There are 2 protein chains.
Amino acid sequence: MDPLLPEPEPLVSLIEALRRLPGVGVRSARRMAYHLLQHDPQGADMLGRALAGAVRDLKHCARCNSFSEDEVCGTCSNPKRDRSLLCIVETPADQNMIESSHGYRGLYYVLMGRVAPLEGIGPRELDFDRVIKRATDGEVQEVILATNFTAEGETTAHFLGEALGERGLRVTRLARGVPAGSELEYVDAGTIAWALMERKIT
Amino acid sequence: MDPLLPEPEPLVSLIEALRRLPGVGVRSARRMAYHLLQHDPQGADMLGRALAGAVRDLKHCARCNSFSEDEVCGTCSNPKRDRSLLCIVETPADQNMIESSHGYRGLYYVLMGRVAPLEGIGPRELDFDRVIKRATDGEVQEVILATNFTAEGETTAHFLGEALGERGLRVTRLARGVPAGSELEYVDAGTIAWALMERKIT
């Protein structure tokens, strides 16, 4: 919906800026702007400061490439983590999901993206040389590919698997199958097909 | 999902600040933060500036109460608008919707909220005295109540209708009925009931 009433310029700028957020269209952006200005000017101020602070203070961990305030992040410098395992994920959100399973105590590498030829994102853009260098530090024994099970995530895993396998590393992929707690009736056919193919003896 | 990995403080602050936006939960906030930091630092900068600018430069129009850079907004100072009609809406978004119908050339008053007793928002919080003062300027002949057709919007309309009717103004309400272009099968029963009650001779 285009506004037909003349909107004041600072409001237009704020709505435009909010639209840069992923998943926010013009209608949500307008609602957010009204909300902040009318009901939460303190929130607007907080958000402004937090943005400036994050852009200024956050960099990428020299080892895992995730966001960090320090040269090396807390996870990478934690002596309790198993340095022989390296789990490669697309985003910090994926890293958090794996961590929340409580089933992993190794280290991570965060690609901050996935191979997406249509968007011009390939091995070079994702700096696969750096991933390979990290994985071949001599301590890593096994690399777990935990990119998404989407076409792009699979492509990314394929590329990485080839490159890392060549270098004599044990490369594994998260298991595919029916999600825990789900009813088969509501699971898609592709997942069922995978689950059948990779069925295990109990 | 709570992050289990130690997140750097500037990132935590940014996620917290983004959560103040309406409709944004922790998962979306985290996705927005990653997106801005990884893929659109320029957007983060724009948003930070736009927030500061909007909070600094926007005030409320002295006549209609909507957001304005000036003492009186462009709509209220437009000599082509019919000063005998005053349409009362809850938000600037509602005002835009009415404007987009191209069916109204009068002026507006924007409540910037609605009566919501559970949230402690009553006639005083919405400054009904100011609404009444605006409507009784001597030029306004008719007040159109265009608050939402929700319980709270109806309550707001009821309060305003009483107060303005007492002062000899013609007070009207937007018509209720079946939305244009809709199939009866998909319209809720309450709307059908209203449309029946308020049926018109063709």
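Every number here is computed from the coordinates shown, using simple stated rules; none is lab data. None of these values were measured; they are calculated from a predicted model. Please note: Cβ atoms are built from the backbone with ideal geometry, for glycine as well, and neighbour counts cover all protein chains shown.
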Where does chain A land on the Kirkwood hydrodynamic radius, alpha-carbon pairs, in angstrom? 20.2 Å
May I ask you to derive the FRET efficiency for B:ARG27 and A:ARG130 from their Cβ-Cβ distance with R0 = 30 Å, giving the value to the nearest 0.05? 0.60
Cα convex hull volume per residue for the protein assembly as shown, in Å³, equals 209 Å³
Compare the Cα positions of B:VAL12, B:SER28, B:GLY53 along the charge dipole of region B:9-57 (+1 at Cβ of Lys, Arg; -1 at Cβ of Asp, Glu; about the Cα centre) and return the one farthest towards the positive end. B:SER28
What gaps in nm, shortest first, separate B:LYS133 from its twins in the other copies when you place the label 7 Å past Cα toward the beta carbon? 6.8
Give the long-range amide H neighbours of B:ARG170: residues separated by 5 or more places, or on another chain, with amide H under 5 Å away, using H modelled in the peptide plane at 1.01 Å from N. B:VAL143
Enumerate lysine pairs in the protein assembly as shown that are 8 or more residues apart or on different chains, then count those whose Cα atoms are under 25 Å apart. 6
Where does the charge balance sit around A:VAL131 when Lys and Arg score +1, Asp and Glu -1, over other residues with C-beta under 14 Å from its C-beta? 0
A student applying the Cα gyration tensor rule (rounded when a/c is under 1.5; otherwise prolate if a/b is larger than b/c, oblate if not) would label region B:86-163 oblate
Using unit Cβ charges (K, R positive; D, E negative) and no other charged atoms, how large, in debye to the nearest 20, is the dipole of region A:102-202 about its Cα centre? 340 debye
Can you tell me, using C-alpha contacts under 8 Å and at least 6 residues apart, the relative contact order of chain B as a whole percent? 13 percent
Once the mean 1/r over all distinct Cα pairs of region B:9-57 is inverted, what Kirkwood radius in angstroms do you read off? 11.2 Å
Students often get this wrong: which residues of region A:106-128 have the backbone nitrogen under 20 Å from the point 7 angstrom along Cα-to-C-beta of A:ASP70? A:106-110
Segment B:THR155-B:GLU119, extension gain: residue separation times 0.36 nm, minus the distance between their alpha carbons: 11.6 nm
Average beta-carbon neighbours from other chains, 10 Å sphere, peptide A:64-70: 4
Nearest 500 deg cm²/dmol is fine: what mean residue ellipticity at 222 nm does the protein assembly as shown get from its DSSP H runs of n ≥ 4 alone, each adding -39,500 (n - 2.57), divided by its residue count? -12500 deg cm²/dmol
Of all DSSP beta bridges with both partners in region A:20-132, the antiparallel percent, nearest 5, is 40 percent
Counting only residues 5 or more places away or on other chains, whose amide H sits under 5 Å from the amide H of B:TYR108 once H atoms are built in the peptide plane? B:CYS87
State which stretch of chain B is the longest one without any exposed GluC sites (Glu not before Pro), exposure meaning a DSSP loop state and at most 10 other Cβ atoms within 10 Å. B:1-165
Those trypsin sites (Lys or Arg not before Pro) in region B:88-179 that DSSP places in a loop and that have at most 14 other beta carbons within 10 Å: B:ARG105, B:ARG124, B:ARG167, B:ARG176
Let's see if you can work this out: charge +1 on each Lys and Arg Cβ, -1 on each Asp and Glu Cβ, no other charges. What is the dipole magnitude of chain B about its Cα centre, in debye to the nearest 20? 440 debye
